[in-house]
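The values are calculated or read from the model by the stated rules, or taken from the named source; none is laboratory data. What you see is a predicted model, and the numbers here were worked out from it, not measured in a lab. Note that each Cβ is placed from the backbone with ideal geometry, even for glycine, and that neighbours are counted across all protein chains shown.
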Amino acid sequence: MPEKEKVYRCLSPIGIQLPVKTFPLAPRLDRIDGKTIHLSICGEPDITIALERRLKMDYPNVNWTVKKSYTPNPVQLSEEEMKTTDAVILGVCW
Amino acid sequence: MPYIAKLEKAGIPTVLIDLEDQHNMVREEALASGVPKVRFMPASRTLAGPEDVDKWIQPLMDALTRPLTDEEEESGQFSPSQNRVLFEGTSEKAQEFYQQTRFIPRPVNAELAVYTDGFPIVVPTEERVAEMLKGTSHRPDELIAYQEDRPVRLRVESCKGDPVRFQPRLFTATVEKAAVNAVMAGCKPEHLPVVLAIAETGLTTGTTNFPTQVLVLSGPIVKEIGLNTGCGHLGPGSRVNGPIGRAFQLMALNLGGAIPGVNRMSAHGSPMNNGGMCIGENVDGLPPGWKGLNEEHGFRKEESVVVFMTIGNHGGILGHEFSPGGYRALQKSGHGGMARRLGVKGTPGPHNWLEYLFPRIFSVLEGGFTLIMIPEMARHLYEIGFKSKQDVYDWIYKKSFETVGEYRSRSWPDLTTNGWMGREKTSGKPWKELSDDYMVPVVNDPFDNCIIVAGGEEEGCIQLTGGRAGFGDLPSAAYSIDKWR
């Protein structure tokens, strides 16, 4: 067989995707008022300072909790804190 | 994203705010974390904060209350089919196949190669890969795993034997997969232990700004495989430096899934990643008492290692601030601009040429520097009194002190001090308690600096910002090549 017609088996360079179990999202809130909503801030103070101010002004009946980081890694809620948190807003991711 | 996944799995609804051009990255990371349908909102890179918030605050809150769709309520398993053989056909058709591109939308808006770095590759036929695998005693089907315990890396503790999960897609890979990429890069079988050690690093590419990955080889391997450590070693031409550096970038793309504009978001990329960068240390050029990089990282002189460096996050690459002739004039007879700056006019050397660079080099750059210097210049430093590399690192560190007032006028420290909420290292005090005239180091630790002796005979020093200090919580990392032989 001429060299240019020879058929080669060529291997994949792609890494192995391990199976990932996928989960449904958590059920959404039935209402905002009266809930404890956590604002997890990671960087972008131009946005997050305005966001925090606006959220507290527009939703005064929410119990807002806040943790701040300037880095992409948010300060996480502890297991205890998660028990009393109804929802989380996290931003700004980059 | 693992944190968001943890919250969602615990029954706490979340919504993310990300930057508007990074949606693909969010989707990929969400899938890898098991919550593919995470809700997110786009923030602007350019609009003023209040105006931007005004645009999406209502949809943001709606994302916390709007009932889930059928898709968002689904659970299951993501397990795409993966074939060992990617293509069967003639050599010409194989080359076409491996060179294929696909369009990446904003923020790239261009065709990018699917399996390569854009350059032609050596097609990884079964025969070529089998030949490559002769370079290691490890089995082809062996998962690439850590060869020793590693400290926390990107917040994940790694133990000996743990499979390496390649960033950013957290894929794993076999020894054969690394060999496939090594073939594509143009490596030879004797390079494979180096390529496997490089794979063991996890192939972190970083994402924003200007991260550049540099592999530095130290130990007997340098001469064994014929790395160029002399004239032009950073440039093209070597059949060793080039392909090994390239193997990193191909593995980052293929084993790690790092794709520009999808999860590798550096606005410009780095030209040093174009084809990759592999440097060899010239052990014969080290002055007496100056340790090789392998020894600096706790290995013995006769052990071969690869040191993985991430440079450029706080700057990039600099070099040749002085002319080679000017350097010779300084050292031989104390004449020229360098001598005038150092105040040694008319006095023959050796003189401390570092004084020409430091501390001015810190004017817009902070953090440790990796200095690539030719043997002659290393010898001059030794003759002046730097009896070890550590002496140089300490000297650079001391030169880096400036007032808190000056330090606060830099950009990166807003991030690295966590918004000035942390504690300053030398005093142990909160940043916010320090007076403006308190002196702080711009280099975090003397060992963040690094010296690589290499290069030809024309007097010059290349400075790379950063180095083995890496980025974020990536630890300084030297990986044994010998364990992959």
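Of the residues that sit in the stretch A:77-94 and are in a loop (DSSP other than H, G, I, E, B) and modelled with pLDDT of 95 or more, which one is nearest to B:Val15 (Cα to Cα)? Spell out the reasoning first.
So the first thing to find is which residues in the stretch A:77-94 are in a loop (DSSP other than H, G, I, E, B), and the list is A:77-78, A:84-86, A:94.
Checking which are modelled with pLDDT of 95 or more leaves us with A:77-78, A:84-86.
On the way: A:Leu77: 15, A:Ser78: 19, A:Thr84: 18, A:Thr85: 14, A:Asp86: 12 Å.
Checked the stretch A:77-94; the qualifying residue nearest to B:Val15 (Cα to Cα) is A:Asp86.
Run A:Ile41 past the list (1) assigned to a strand (DSSP E or B); (2) of a type in the set (A, V, I, L, M, F, W, C); (3) farther than 27 Å from B:Gly34 by Cβ and report the number of the one that doesn't hold.
Among (1) assigned to a strand (DSSP E or B); (2) of a type in the set (A, V, I, L, M, F, W, C); (3) farther than 27 Å from B:Gly34 by Cβ, A:Ile41 violates only (3).
Under the condition of being touching a Gly at 6+ places or on another chain (Cβ under 7 Å) and not in a loop (DSSP other than H, G, I, E, B), which residue from the stretch B:251-299 is nearest to the other protein chains (Cβ to nearest Cβ)?
B:Asn254
Return only the number of the condition from (1) touching a residue at least 12 places away in the same chain (Cβ under 8 Å); (2) within 14 Å of chain A (Cβ to nearest Cβ); (3) under 18 Å from B:Glu366 (Cα atoms); (4) assigned to a helix (DSSP H, G or I) that B:Lys432 does not satisfy.
The number of the failed condition is (3).
Could you list, in sequence order, the residues of the stretch B:191-216 that are hydrophobic (A, V, I, L, M, F, W, C) and assigned to a loop (DSSP other than H, G, I, E, B)? Before you say what the answer is, go through the steps one by one.
So the first thing to find is which residues in the stretch B:191-216 are hydrophobic (A, V, I, L, M, F, W, C), and the list is B:192, B:194-199, B:203, B:210, B:214-216.
Matches in the stretch B:191-216: B:Leu203, B:Phe210.
Specify the residue that is surrounded by the fewest Cβ atoms within 10 Å (Cβ to Cβ); the eligible residues are those in the stretch B:98-133 that are among the aliphatic types (A, V, I, L, M) and over 18 Å from B:His191 (Cβ atoms).
Going residue by residue through the stretch B:98-133, those that are among the aliphatic types (A, V, I, L, M) are B:104, B:108, B:110, B:112-114, B:121-123, B:129-130, B:132-133.
This time we only want the ones that are over 18 Å from B:His191 (Cβ atoms), so: B:104, B:108, B:110, B:112-114.
Details: B:Ile104: 16, B:Val108: 16, B:Ala110: 10, B:Leu112: 17, B:Ala113: 16, B:Val114: 15.
Residue satisfying both the conditions and the ranking: B:Ala110.
Hey, among the residues in the stretch B:154-190 that are part of a loop (DSSP other than H, G, I, E, B) and without any contact (Cβ under 8 Å) to a residue 40 or more places away in the chain, which one's farthest from B:Glu126 (Cα to Cα)? Please lay out each step first, then the result.
As a first pass, look at the stretch B:154-190 and keep what is part of a loop (DSSP other than H, G, I, E, B): B:154-155, B:159-162, B:164-165, B:167-170, B:173, B:186-188.
With the extra rule that they be without any contact (Cβ under 8 Å) to a residue 40 or more places away in the chain, the set shrinks to B:159-162, B:164-165.
On the way: B:Cys159: 32, B:Lys160: 30, B:Gly161: 27, B:Asp162: 28, B:Val164: 24, B:Arg165: 25 Å.
That would be B:Cys159.
Would you confirm, using the coordinates I've provided, whether B:Pro107 is part of a loop (DSSP other than H, G, I, E, B), modelled with pLDDT of 95 or more, within 28 Å of the chain's Cα centre (by Cα) and more than 9 Å from chain A (Cβ to nearest Cβ)?
Values: part of a loop (DSSP other than H, G, I, E, B): yes; modelled with pLDDT of 95 or more: no; within 28 Å of the chain's Cα centre (by Cα): yes; more than 9 Å from chain A (Cβ to nearest Cβ): yes.
Judged against the criteria, B:Pro107 is not a match.
Out of A:Arg54, A:Arg28, report the one residue that is part of a helix (DSSP H, G or I), more than 30 Å from B:Leu250 (Cβ to Cβ) and of a type in the set (Lys, Arg).
On the way: A:Arg28 fails: part of a helix (DSSP H, G or I).
Sole residue among the options that is part of a helix (DSSP H, G or I), more than 30 Å from B:Leu250 (Cβ to Cβ) and of a type in the set (Lys, Arg): A:Arg54.
Can you go through A:Glu5, A:Glu44 and tell me which one is under 20 Å from the mean Cα position of the chain (by Cα), at the interface with another protein chain (Cβ under 8 Å from one of its Cβ atoms) and acidic (Asp, Glu)? Don't jump to the end; show me each part of the working.
Numbers: A:Glu5 fails: under 20 Å from the mean Cα position of the chain (by Cα).
The match here is A:Glu44.
With the condition being polar (S, T, N, Q) and surrounded by 15 or more Cβ atoms within 10 Å (Cβ to Cβ), I'd like the helices (runs of 4 or more DSSP H) fully within the stretch B:340-422 carrying at least 1 qualifying residues.
B:389-399, B:413-416
Given B:Asn254, B:Asn209, which one is among the polar types (S, T, N, Q) and crowded, with 20+ Cβ neighbours inside 10 Å? Talk me through it step by step, then tell me what you get.
Values: B:Asn209 fails: crowded, with 20+ Cβ neighbours inside 10 Å.
Matching residue, one of B:Asn254, B:Asn209: B:Asn254.
Hey, any hits in the stretch B:59-69 for a residue that's in contact with a His (Cβ under 9 Å, 6 or more places away or on another chain), in the same structural domain as B:Pro13 (by TED's automatic domain parsing) and without any contact (Cβ under 8 Å) to a residue 60 or more places away in the chain? Quick ask: steps written out before the conclusion?
First, the residues of the stretch B:59-69 that are in contact with a His (Cβ under 9 Å, 6 or more places away or on another chain): none.
Taking every residue of the stretch B:59-69 in turn, none turns out to be in contact with a His (Cβ under 9 Å, 6 or more places away or on another chain), in the same structural domain as B:Pro13 (by TED's automatic domain parsing) and without any contact (Cβ under 8 Å) to a residue 60 or more places away in the chain.
Suppose we keep only residues that are more than 23 Å from B:Pro413 (Cα to Cα) and within 10 Å of another protein chain (Cβ to nearest Cβ) within the stretch A:58-82. Which one would you say is surrounded by the fewest Cβ atoms within 10 Å (Cβ to Cβ)?
At the first step, the residues of the stretch A:58-82 found to be more than 23 Å from B:Pro413 (Cα to Cα) are A:58-65, A:77-82.
Applying the additional criterion that residues be within 10 Å of another protein chain (Cβ to nearest Cβ) yields A:58-59, A:62, A:77, A:79, A:82.
Numbers: A:Asp58: 12, A:Tyr59: 16, A:Val62: 19, A:Leu77: 21, A:Glu79: 8, A:Met82: 16.
Top of the filtered list is A:Glu79.
Could you look through the stretch B:1-42, keep only residues that are assigned to a strand (DSSP E or B) and more than 7 Å from every other protein chain (Cβ to nearest Cβ), and pick out the one that is surrounded by the most Cβ atoms within 10 Å (Cβ to Cβ)?
Top of the filtered list is B:Phe40.
Can you name the condition, by its number, that B:Arg328 falls short on among (1) part of a loop (DSSP other than H, G, I, E, B); (2) in contact (Cβ under 8 Å) with a residue 60 or more places away in the chain; (3) not assigned by TED's automatic domain parsing to the domain that holds B:Tyr479?
That leaves (1) as the condition not met.
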